[in-house]
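Quick notes on the structure that follows.
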Amino acid sequence: MKALTANRLDDGEVVFWNDTGWVDRFSKAQVWDDADAAERAEGHAKALQTEVVDPYLIDVEPVEGGYAPVAYRERVRALGPSNKLDHGKQAEGGVDVELMAHAHGVARSSGRINLIKRK
């Protein structure tokens, strides 16, 4: 399964694609189980790079309540800054934080982002 991510051009915020355009929360991202459809969406996004920088596909996996990125790097990007837990998306809480807390696989960590837990 795949999702499409990039950084917003005007402020550098991590964003994700859904049917309505770019959104700033991973929980609102569109997830494709069809690789061809995901690649078409990526190609479309790359052709229209006036809002975002370097759109690319990421692997996602089903977790309790939705999906989570497979790669540790993408989980960090989805939660916002990792240098402090009291700002960014992780401080705001919500569905995104819950999804990362239930994530499994090689990207688990008990490091600085305590919301990505080892199981």
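The values are calculated or read from the model by the stated rules, or taken from the named source; none is laboratory data. Owing to the predicted nature of the structure, the values given are computational and were not obtained by experimental measurement. So basically every Cβ, Gly included, is an ideal-geometry build from the backbone, and we count neighbours across all protein chains shown. Just the protein is used for accessible areas: all its heavy atoms, side chains included, with ligands, DNA and RNA removed. Shrake-Rupley method; radii C 1.70, N 1.55, O 1.52, S 1.80 Å.
Tabulated data
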item	result
Per-region count, the range 20-54, residues among the charged types (D, E, K, R) and under 21 Å from K89 (Cβ atoms)	5
Flag if G105 is modelled with pLDDT under 90, open to solvent by less than 80 Å² (accessible area, probe 1.4 Å) and touching a strand residue (DSSP E or B) at 6+ places or on another chain (Cβ under 9 Å)	yes
Of all residues in the range 37-48 being free of Cβ contacts under 8 Å to residues at least 12 places away in the same chain and surrounded by 12 or more Cβ atoms within 10 Å (Cβ to Cβ), the one that is nearest to A68 (Cα to Cα)	A37
Some residue of the range 35-50 being within 22 Å of M100 (Cα to Cα) and assigned to a loop (DSSP other than H, G, I, E, B)	no
Qualifying positions in the range 19-36 - open to solvent by 30 Å² or more (accessible area, probe 1.4 Å), under 23 Å from T50 (Cα atoms) and of a type in the set (A, V, I, L, M)	V31
Residue list for the range 63-75, restricted to those being surrounded by fewer than 24 Cβ atoms within 10 Å (Cβ to Cβ) and either over 19 Å from W22 (Cβ atoms) or out of contact with any Ser or Thr (no Cβ under 9 Å at 6 or more places or on another chain) (or both)	V63, E64, G65, V70, A71, Y72, R73
